[in-house]
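Here the structure comes first, spelled out in structure tokens, and everything after it is commentary.
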Amino acid sequence: MENLLRPVIVVGGSVVLTLFIGWATDRLLSKADARHSETPLWGLLRRGRVPYQLLLCAALLRGSYDSAELLLEHRVGIGRGLTLVLIGSAAWLVVRIAAAVVETTFTRYASSRAHRDPARVRRVRTQVSLIMRVVAAVVGVVAVAAMLLTFPAMRAAGASLLASAGIIGIVAGVAAQSTLSNMFAGFQIAFGDMVRLGDTVVVDGEWGTVEDITLTYLTVRTWDERRITMPVSYFTSKPFENWSRGGAQLTGTVYWHLDHSAPLDTMRLHLRDILRACEAWDGRAYDLTVTDTTPNTMEVRALLTAKDADDIWKVRVTVREQMIRWLYEHHPYALPRVNTADAIRPPLHPPRPDGASPRRAHEPPRASRG
């Protein structure tokens, strides 16, 4: 009877104690979150309750398993398995705690009145995101190394691995050259402020918004909701357009090809009326000029301003559509057309530069008076 009750008490007590401590800790964090609503730290820490309870359970079972006298022939294997779970759950909990602290710091920074610059907030968010990825990678590598060191065979092979570390490092460096270059490019992007999360960029003729940045690749969400994934080394080795760099305000253009008789002054007034009724126009500036001519048409350009890339697109399409409709309804002669009228013949003799009447071809020259 004792052999049956002892493992039940040890294992069951460890599980019950784990659940109780986890529930009590979660209640304390919940009360702290309700009391300190100005910071999201306590609420974010609650995300770590699963690895926290797993860590407690593994630690309690690892410490009390010998006294349970259960499956003695597999004692070494079970103890090593509990140790592996303990290391893994500890690494998981460290990553969750670090993420909660970093996210809380960023939230306070973004909500601070002293840091209302959207570009600066996006830059800090990019740096924080990459730092968290680095922390997770480092913790994961350390956890895997600690797990491997629990095996005696791995500890015995450590000396030989250290002896050949130089050769292995050279081979790995050559084999992973592109991966390492992308990782260093990721750090350069994060701390060099080249491109940030939320920036509007034009890459290979594709216009979109930076959606995700990792240590090796960058994802751009295009206007039609496609995702373009590119290595981060592309942004450090090739030119690209960053419309959010130095401020989100943009100046856009709209072109029309019109007849030479188009009423330009009236078009300028109507352009002003269109922009005043367009909510996307920021009111900074506008202009309408003739930029080129051809034998049949002239090129008219309108300059428009908006606060960001989305609004400049709305202003451009609105002005283009409403101006064409207005010309069609009120000034149809201004739209380009093919001229089929008879050409006007030039005079036989152009006017003389001195203003005298041109002499006819059959008229003899006048004699000069002596």
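The values are calculated or read from the model by the stated rules, or taken from the named source; none is laboratory data. Not measured: the values here are computed from a predicted model. For neighbour counting, all protein chains shown are included, and Cβ atoms are generated from backbone atoms with ideal geometry for every residue, glycine included.
Looking at 268, 272, 196, can you tell me which residue is touching a residue at least 12 places away in the same chain (Cβ under 8 Å) and outside the structural domain of residue 324 (by TED's automatic domain parsing)? Outline the logic, then answer.
Numbers: 268 fails: outside the structural domain of residue 324 (by TED's automatic domain parsing); 272 fails: outside the structural domain of residue 324 (by TED's automatic domain parsing).
When all the criteria are applied, what remains is 196.
Yes/no matrix, rows are residues, columns are (1) under 40 Å from the mean Cα position of the chain (by Cα); (2) at pLDDT 90 or above:
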site: 266; (1), (2): no, yes
site: 273; (1), (2): yes, yes
site: 295; (1), (2): no, no
site: 301; (1), (2): yes, yes
site: 317; (1), (2): yes, yes
site: 322; (1), (2): yes, yes
site: 329; (1), (2): no, yes
site: 338; (1), (2): no, no
site: 343; (1), (2): no, no
Quick one: which of 282, 224 is modelled with pLDDT under 90, within 23 Å of residue 323 (Cβ to Cβ) and either out of contact with any Gly (no Cβ under 7 Å at 6 or more places or on another chain) or among the polar types (S, T, N, Q) (or both)? 282
Return the residue satisfying two criteria in turn: it lies in segment 211-245 and is assigned to a strand (DSSP E or B) and of a type in the set (Asp, Glu), and of such residues it is surrounded by the most Cβ atoms within 10 Å (Cβ to Cβ). 211
Working only within segment 276-325, note down all residues that are touching a strand residue (DSSP E or B) at 6+ places or on another chain (Cβ under 7 Å) and basic (Lys, Arg). 284, 301, 307, 316, 320
Any chance segment 322-332 includes a residue that's in a helix (DSSP H, G or I), loosely packed, with under 12 Cβ neighbours inside 10 Å and of a type in the set (D, E, K, R)? yes
Segment 27-58, residues that are closer than 14 Å to residue 100 by Cβ, out of contact with any Lys or Arg (no Cβ under 7 Å at 6 or more places or on another chain) and assigned to a helix (DSSP H, G or I): 32, 33, 41, 42, 43, 44, 45, 46, 49, 50, 52
Every pair of residues 6+ apart whose Cβ atoms lie under 7 Å, when the first sits in segment 7-26 and is assigned to a helix (DSSP H, G or I) while the second is modelled with pLDDT of 75 or more and of a type in the set (D, E, K, R): 22/49; 26/46; 26/49
Can you pull out the residues in segment 207-222 that are in contact (Cβ under 8 Å) with a residue 60 or more places away in the chain and among the hydrophobic types (A, V, I, L, M, F, W, C)? 207, 213, 215
